[in-house]
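The structure appears right after this line, and notes come after that.
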Amino acid sequence: MALLLDKDINTGIELDNMYFRIDKINFNDYDFQVVATGYASKKAYQEGKLPISEPRAYTLKNYNRDELVKRNVFEFAYNCLKTAKAFEDAKDVFESGQEQNEPIPIEKIQKPLKTDEDYLGAEY
């Protein structure tokens, strides 16, 4: 799976159909972090071209561990990434053999934040 956007998330430069892939997923009991990298296109990625958008980490605080256990970790990660403002207009790209599932609602991805301190890092 990947995401398509019509702009570079780091510079804001408009480019049609930039292809974003998740490079790394980190999580612990409290935070779920996704690192995404952008390529000029799906073809550029498949041909092994260098990315044109540097990797960028997105951290979701107080993620729902119970929901993660029920899902494929990559499905959960892409749904987390799509909650970031930078990716709110992204389109899903499914590889051959992958099936499209219903998007995971944000209420199932992130538990309610309780204090002002919980909000630190919750913004993307």
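The values are calculated or read from the model by the stated rules, or taken from the named source; none is laboratory data. Quantities reported herein were computed from a predicted structural model and do not represent experimental measurements. Heads up, the Cβs are rebuilt from the backbone with ideal geometry, glycines too, and the neighbour counts pull from every protein chain shown.
Considering only residues that are within 20 Å of Tyr19 (Cβ to Cβ) and touching a Gly at 6+ places or on another chain (Cβ under 9 Å), which ones fall in segment 56-88?
Correct list: Arg56 only.
Taking segment 57-81 on its own, how many of its residues are closer than 21 Å to Leu4 by Cβ and crowded, with 18+ Cβ neighbours inside 10 Å?
Qualifying residue count for the region: 7.
So Thr11 passes all but one of these: (1) surrounded by fewer than 16 Cβ atoms within 10 Å (Cβ to Cβ); (2) in contact with a Phe, Trp or Tyr (Cβ under 8 Å, 6 or more places away or on another chain); (3) of a type in the set (Ser, Thr, Tyr). Which condition number does it fail?
(2)
For segment 73-80, indicate whether the set of residues that are touching a strand residue (DSSP E or B) at 6+ places or on another chain (Cβ under 6 Å) and modelled with pLDDT under 90 is non-empty.
Yes: one or more hits.
Quick one: which residue in Lys24, Lys70, Lys49 is over 14 Å from the mean Cα position of the chain (by Cα), modelled with pLDDT of 90 or more and not hydroxyl-bearing (Ser, Thr, Tyr)?
Values: Lys24 fails: over 14 Å from the mean Cα position of the chain (by Cα); Lys70 fails: modelled with pLDDT of 90 or more.
Within the list Lys24, Lys70, Lys49, the selection yields Lys49.
Conditions: (1) out of contact with any Gly (no Cβ under 6 Å at 6 or more places or on another chain); (2) surrounded by 12 or more Cβ atoms within 10 Å (Cβ to Cβ). Ser53 meets all but one. Number of the miss?
(1)
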